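A quick write-up on the structure given underneath.
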Amino acid sequence: MKEISLHSANFYRDPFPTFEHLRHTTPVYFDASEDRWVVTRYADVSEVLRNHEVFTANPPYFRFSEIIGVTISNMDGKDHDSRRSIVAPGMIGKNLEHLILPHVQQSSTYLVDRLAGLSDFSVRKMLAKPLPLKTMTKILGLDERDENLLADVTTKILRSLQGDEPHKTIGREAHEEFAKTVYSLIAQKRITPGTDLISGLISSADESGYKLTDEEVCSFVSLLLVAGSETTEIALVNFLHVLLSHPAELKMIREDPTLLNSAFTEFMRRDGVIVYEDRGIAEDYDLNGHILKKGDVVRVALLSANNDESVFKNPRKFDLFRSDLHLDRERRSGGVTEERAGHLGFGLGRHFCIGYMLARAEIVTITALLLNTFDQMSISKKNVDNIEMDWWVWSAKELIIDI
Ligand code: HEM
């Protein structure tokens, strides 16, 4: 039997053959080196993400909540639904359209304009890192000068996710320091409410009339910083990498820019950034013939599920007209019909990504601007082989584009 390693350099460089092998031989695989189950088939991954009673978002090991306080990302059941009903509406629908999208457009234009006169540029430095930061600064109603503060807090909290010292302490202190800025914003917005996210968060209530405490608002804002910045940054780098590696598809998009939305969906399926999500197991459960024990941890491989050949034919093909994928929009509750399935790049079910529309808007808007501005774009020879996978991201470390 082929030896399985989920931690070798080869796997990190190209995880797809190993994921394929696992899907065919041991779709529910026990990774002894990490002491957790790894689930690779689309159907099994969906089953885990849908069953909120058995699979909890509060696994028994170091948690994010130790750094930024308890947030929806580690809550289960009614508590989660209550808090999510307060925070999620701010990121979709009319709020997204009227309050957020103008910021996305403005930030994207500013960043693309800065490329004028260059012969090449680093996507990560010039576009992907600053875009979510700029957008978030504006959404929170903060000053442009606070961008550096946001960048610093985000990096420190993200590093603390490694779960070791001194990173945990640095992350906790960064959150606490940043909370002072958020507390003063809250105080200000209570007196003069605006159309910013903080004003919305402090005035909204769940069905029973419950409102977030100031501490919960601070924790949620820190969650937004870490959940929405690096993910979007990596997604933009990877998306441009995929587009420029597929000249025929890029030509079609240049001829018909409405295809950019399908391209983004197909990209999220094929190379969608978050490799794994973990869940704790609240009671013994039979998953596809394997008994998972209460207290175990299960790791769902989103990247593998999205490349499951029993759902998506020829999965490594980048196909703008894929007939087995819902190309129009993401669906929180999934959406598998006989012909089509939704991708799992933004998760599924209760914890489905809150920022899925914002992420799409940011990436599609700035890519459309780039294509409009530059007739020629190609991957620079200055790039080195640099796809890197750590415990959760599938990421091109850097991408330099010739223009
Ligand atoms: C391409 C970029 C993004 C990707 C790939 C992504 C991916 C995901 C995934 C897979 C989950 C589910 C986690 C789970 O099941 O445990 C999630 C949750 C979440 N995302 Fe995103 N995300 C992105 C952008 C954003 C943005 C822009 C924001 C907000 C500014 C955001 C905020 C959140 C939050 C708050 C949650 C937790 C939801 C909950 O627990 O109910 N994400 N994201």
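The values are calculated or read from the model by the stated rules, or taken from the named source; none is laboratory data. Computed from a predicted structure; not experimentally measured. Positions of Cβ are generated from backbone atoms using ideal geometry, with glycine treated the same way; all protein chains shown enter the neighbour counts.
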message: Suppose we filter the range 139-149 for residues that are surrounded by 19 or more Cβ atoms within 10 Å (Cβ to Cβ) and closer than 24 Å to Ala116 by Cα; how many remain?
response: 0
query: What residue, among those in the range 75-90 that are crowded, with 20+ Cβ neighbours inside 10 Å and over 17 Å from Met357 (Cβ atoms), is farthest from the ligand (Cβ to nearest atom)?
result: Ile86
Every residue from the range 183-204 that is without any contact (Cβ under 8 Å) to a residue 40 or more places away in the chain and not charged (D, E, K, R): Tyr183, Ser184, Ile186, Ala187, Gln188, Ile191, Thr192, Pro193, Ile202, Ser203
query: Of Leu22, Leu96, Leu6, which residue is more than 30 Å from Asp214 (Cβ to Cβ) and touching a residue at least 40 places away in the same chain (Cβ under 8 Å)?
result: Leu22
- request: Taking the residues in the range 203-216 that are farther than 18 Å from Ile100 by Cβ and part of a helix (DSSP H, G or I) as candidates, determine which candidate is farthest from the ligand (Cβ to nearest atom).
  value: Asp214
message: Just to verify a result, which residue in the range 252-286, among those that are surrounded by fewer than 17 Cβ atoms within 10 Å (Cβ to Cβ) and within 26 Å of Pro59 (Cβ to Cβ), is nearest to the ligand (Cβ to nearest atom)?
response: Ala282
query: Does the range 128-137 contain at least one residue that is basic (Lys, Arg), more than 16 Å from the ligand (Cβ to nearest atom), in a helix (DSSP H, G or I) and free of Cβ contacts under 8 Å to residues at least 60 places away in the same chain?
result: no
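Residues are listed down the side, and each one gets a yes or a no for (1) more than 16 Å from the ligand (Cβ to nearest atom); (2) in a strand (DSSP E or B):
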residue: Val336; (1), (2): yes, no
residue: Cys353; (1), (2): no, no
residue: Thr367; (1), (2): no, no
residue: Leu371; (1), (2): yes, no
residue: Ile401; (1), (2): yes, yes
- prompt: Out of all the residues in the range 52-88, which are of a type outside the set (S, T, N, Q) and modelled with pLDDT under 90?
  reply: Pro59, Pro60, Tyr61, Phe62, Arg63, Phe64
task: Within the range 87-141, track down each residue that is more than 20 Å from the chain's Cα centre (by Cα) and among the β-branched types (Val, Ile, Thr).
output: Thr109, Val112
- prompt: Has the range 310-318 got any residue that is touching a strand residue (DSSP E or B) at 6+ places or on another chain (Cβ under 7 Å) and either modelled with pLDDT of 95 or more or away from the ligand (no atom under 16 Å from the Cβ) (or both)?
  reply: yes
Residue list for the range 52-85, filter: without any contact (Cβ under 8 Å) to a residue 12 or more places away in the chain and more than 21 Å from Glu173 (Cα to Cα): Lys78, Asp79
query: Which of the residues spanning the range 28-39 are part of a loop (DSSP other than H, G, I, E, B) and touching a His at 6+ places or on another chain (Cβ under 9 Å)?
result: Ser33, Glu34
message: Given (1) within 16 Å of the ligand (Cβ to nearest atom); (2) closer than 17 Å to Leu224 by Cβ; (3) touching a residue at least 24 places away in the same chain (Cβ under 8 Å); (4) part of a helix (DSSP H, G or I), identify the lone condition not met by Ser108.
response: (2)
statement: Considering residues that are of a type in the set (Asp, Glu) and over 16 Å from Ile68 (Cα atoms), the number found within the range 145-167 is 2
